[in-house]
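One structure is given here, and the rest of the page talks about it.
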Amino acid sequence: MTRFFAWLGGGFLEAVAESGRMALLLWEAAVSLVRPPWRVGLFFRQMEFVGVNSLFVVLLTSLFTGMVLALQTYHAFRLFSAEGLVGATVALSMTRELGPVITALMVTGRAGSAIAAEIGTMRVTEQVDALAVMAISPVQYLVTPRVVAGLVMLPLLTVVSDFVGILGGYLVGVKMLGINGGIFMNRIYELVELSDIYNGLAKAAVFGVILALVGCYKGFYTSGGAEGVGRATTQAVVLASVLILASDYVLTSLMM
Amino acid sequence: MDVDPIIELRDIRKSFGAQRVLDGLNLAVRPGSVSVVIGRSGGGKSVLMKHVIGLMKPDSGQVLVEGQDTVPLTERQMTPVRRKFGMLFQEGALFDSMTVAGNVAFPLAEHTRLSRREIAGVVEDKLAAVGLGGMGYKMPSELSGGMRKRVGLARAIALDPKIVLFDEPTSGLDPVMAANINELILQTRDEFGATCLVISHDIRATFSIADEVFMLYDGRIIASGPPEAVRESADPVVRQFIRGEARGPITIA
Ligand SMILES: Nc1ncnc2c1ncn2[C@@H]1O[C@H](COP(=O)(O)OP(=O)(O)O)[C@@H](O)[C@H]1O
Ligand SMILES: [Mg+2]
């Protein structure tokens with residue numbers, strides 16, 4: 001029994017310590033942003049890596065999400081003869097919730113894991129120390145550009161995701177299931193407000209910071225050779241995904 | 001010591017959890033010397049070196065670089081101190097996203113206002129100095145262990161530092177390559193006038209290049225002086241280590 005509580009308490013303390021270190025890393029990254037030198041090239045390279053290279057997978061997953069949403073809601077709404085609302089439902093779900101979340105989870109799997117693996121490898125092969133020895137701040141050089149890339153690129157990807165998701169819903173709802181296209185679109189215009197879209201994009205920005213920060217953090221604190229890098233990568237994906245969904249709940253309840 | 005030491009460690013203590021790695025360590029490095037720290041694997045040599053360059057902070061004690069205590073300095077305040085150093089890491093620590101030339105150019109591009117052309121010139125000079133002229137286009141993954149270390153050395157001396165640190169520069173290399181690296185260490189001192197602090201468990205290589213040898217054991221320097229003096233030491237631990245004997249006071253923990 002004592003051992004159980006010791007385990008529980010130990011886990012709790014470790015979680016608190018980990019949150020603290022992560023917050024500190026975020027703070028350092030933010031402070032580094034306002035200090036010279038500004039290596040513009042690094043920022044663009046990370047934006048390309050986090051954003052542009054994730055475009056295809058975000059397109060695909062969002063398209064199918066919109067399609068399946070239309071399919072599911074169509075069969076439910078038909079029971080009430082409310083097929084006309086399928087479009088608005090898809091649009092609201094995508095902009096408020098699924099666009100940002102799916103984008104964030106896909107980018108976590110693609111780029112968050114790669115960030116952890118890359119920085120983790122640099123850590124265990126002493127490349128991070130080499131930066132410090134050359135009087136270059138590893139946080140400024142490695143973490144800041146990635147966190148900024150997450151912050152900027154996730155909302156942009158989410159715009160694409162929202163749009164493609166609705167397109168997928170349109171294809172299934174209108175072209176396959178025969179809902180009237182005019183009604184489908186009109187309901188969307190009536191029911192979706194700009195604030196739905198903005199709130200979704202704000203969430204996406206937070207998710208972007210989370211997935212980049214967690215990847216950097218796990219990479220930064222990697223130890224134990226190649227095996228350690230693998231562990232850091234897995235942990236980064238799991239932790240970032242959990243934090244994204246948990247913060248999604250918190251943000252959503254704040255925005256309601 | 002008749003001249004002020006360029007690096008001095010005073011009563012350094014460092015533990016990781018319950019494991020005490022450095023335990024009241026004192027060390028003074030004469031400017032312009034090749035000073036070699038020997039000691040068994042896992043004995044804390046790399047930890048010692050990380051204290052010298054400020055990658056680790058001691059639990060207590062002072063680290064003096066040209067008379068300045070670096071322990072209380074923040075990471076940002078360390079910048080001018082770090083500029084005095086170049087470091088060759090055990091496995092080279094080359095940036096594997098950059099070419100060989102990119103690696104050597106990196107500190108120049110970050111810390112000087114030289115033009116691209118000038119940087120390319122310096123890079124070619126440094127690569128030639130370590131015997132890798134014309135290899136700048138290669139990626140680190142295409143290099144052998146010895147070549148990686150030589151690129152690491154070229155990068156370490158790119159900014160003509162006053163002090164160059166070498167962490168196990170010859171470990172894992174064949175004897176010819178090891179001798180070649182030793183030559184480069186002497187050349188670094190003679191041509192660039194740098195003070196060299198070398199960490200090694202390779203006794204033979206060590207004694208041939210050292211002006212000064214320090215033996216690290218049990219978290220302390222237990223013997224120091226010119227190689228001949230240390231070789232003749234009466235201390236049983238030192239004797240056992242230098243002769244590479246299985247029997248003696250050093251036991252496998
Ligand atoms: N960052 C660290 N955290 C915990 N233990 C460490 C760390 N760095 C080194 N150690 C421990 O300190 C001891 C000395 O390591 P090191 O200085 O690398 O030995 P070596 O003399 O072979 O270079 C080892 O037992 C190692 O496990
Ligand atoms: Mg070592």
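Tabulated data for the structure shown
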| item | result |
| --- | --- |
| Positive-end extreme of charge dipole, chain A - chosen from A:T2, A:G169, A:P145 (charges on Cβ) | A:P145 |
| For B:H51, net neighbour charge (Lys/Arg +1, Asp/Glu -1) across residues whose Cβ lies under 10 Å away | +3 |
| Alpha-carbon centroids, the stretch A:117-186 and the stretch A:219-249: separation in whole Å | 17 Å |
| Antiparallel DSSP beta bridges within chain B, as percent of all bridges there, nearest 5 | 55 percent |
| Total formal charge among the other residues, if their Cβ is under 15 angstrom from that of A:M176, Lys/Arg +1 and Asp/Glu -1 | +1 |
| Residue exposure sequence - B:H51, A:H75 - by fewest surrounding Cβ within 10 Å | A:H75, B:H51 |
| Hydrodynamic radius (Kirkwood) for chain A, which is based on Cα pairs only, to one decimal in Å | 19.7 Å |
| Theoretical ellipticity at 222 nm over the protein assembly as shown - DSSP helices of four or more residues, -39500 (n - 2.57) apiece, nearest 500 | -18500 deg cm²/dmol |
| Contour excess over end-to-end distance, with Cα ends at A:R231 and A:F64 and 0.36 nm allotted per residue | 57.0 nm |
| Sorted by Cβ neighbour density within 10 Å, fewest at the top, the residues B:I12, B:I209 | B:I209, B:I12 |
| Computed over the protein assembly as shown, Cα set: Rg, Dmax in Å | 29.0, 99 |
| Cα gyration tensor category, rounded, prolate or oblate, for the stretch B:78-237 with a/c compared to 1.5 | prolate |
| Likely footprinting exposure, B:K126, A:K175, B:K14, fewest C-beta neighbours within 10 Å first | A:K175, B:K14, B:K126 |
| Magnitude of the charge dipole, the protein assembly as shown, Cβ model with Lys/Arg +1 and Asp/Glu -1, debye to 20 | 540 debye |
| Distance from the stretch A:37-114 to the stretch B:1-30 (C-alpha centre basis), Å | 56 Å |
| Gyration tensor verdict on the stretch A:1-138 (Cα atoms; rounded if a/c is under 1.5, prolate if a/b is larger than b/c, oblate otherwise) | oblate |
| Estimated distance in nm for a label pair at A:F77 and B:D2, the labels positioned 7 Å out from Cα along Cα-to-Cβ | 9.4 nm |
| Anisotropy class of the stretch B:149-216 from Cα gyration tensor, a/c 1.5 cut | oblate |
| Fraction of beta bridges assigned by DSSP in the protein assembly as shown that are antiparallel (%, nearest 5) | 55 percent |
| Cβ-placed point charges (K, R +1; D, E -1), dipole of the stretch A:41-255 about Cα centre in debye, nearest 20 | 160 debye |
| Options A:I115, B:P227, B:S144, ranked by Cα towards positive dipole end of the protein assembly as shown, top entry (Cβ charges) | A:I115 |
| Local electrostatic count at B:R30 - Lys and Arg +1, Asp and Glu -1, tallied over other residues with Cβ under 15 Å | -4 |
| Over 21 Å (Cα to Cα) - which of B:K84/B:K138; B:K84/B:K126; A:K218/B:K149; B:K50/B:K162; B:K50/B:K126 fall in this group | B:K84/B:K138; A:K218/B:K149; B:K50/B:K126 |
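A short reminder: the numbers here are calculations on the coordinates, not readings from a lab. Owing to the predicted nature of the structure, the values given are computational and were not obtained by experimental measurement. FYI the Cβ positions are ideal-geometry reconstructions off the backbone, even for glycines, and counts take in every protein chain you see.
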